[in-house]
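Beneath this line is the structure, given in structure tokens, with notes to follow.
Coordinate-derived values only; no laboratory data. Since this is a predicted model, take the numbers as computed values, not measurements. As a convention, Cβ positions derive from the backbone with ideal geometry for all residues, glycine included, and neighbour counts pool all protein chains shown.
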């Protein structure tokens, strides 16, 4: 069973099931999607950029970005559709971060893993030193 929530777009109270927007806003989004899709179906508009789509259709940029992120509008069909990398803001066509940010992230992870290995080696050596026993021979 759903829970009560406020719509992310209009702040209206509704029973949330799978979407974060109310049924009325879903209908509006679907209508906006059809407007954008019908615009892009025309051969001369297939390579339109986001700014041009906004100007010609009147649909908000955030909503167009949402359609691209949800893969309702595919960059393979419309090559100039993209959205911003969540890390640096560069334009991307898939995923959440661009390849540059992903490689930097991987490099940072590898560096941290190496530091962790060095730290573990040092702790192991210190533990070995701490376990050294000396006996005193009394004559």
Quiz item: Convex hull over the alpha-carbon atoms of the chain: what's its volume per residue in Å³?
Solution: 195
Quiz prompt | Approximate spin-label separation residue 125-residue 47, in nm, with each point projected 7 Å along Cα-to-Cβ | solution = 6.1
Exercise. Counting other beta carbons within 10 Å of each Cβ, put 15, 59 in order, fewest first.
Key: 15, 59
Practice problem: Report, in degrees rounded to the nearest 10, the 0 to 90 angle that the Cα long axis of helix 99-130 makes with the longest principal axis of the chain. | Solution: 20
Quiz item: In nm, to one decimal, how far is the residue 94 label point from the residue 138 one, both placed 7 Å along Cα→Cβ?
Solution: 7.8
Quiz item: Tilt of helix 23-41 relative to the longest C-alpha principal axis of the chain, in degrees (0 to 90, nearest 10)?
Solution: 80
Practice problem: Please find, in a Gaussian network model of the chain (springs between Cα atoms separated by less than 10 Å), the residue of 35, 53, 26 whose mean-square fluctuation is greatest. | Solution: 26
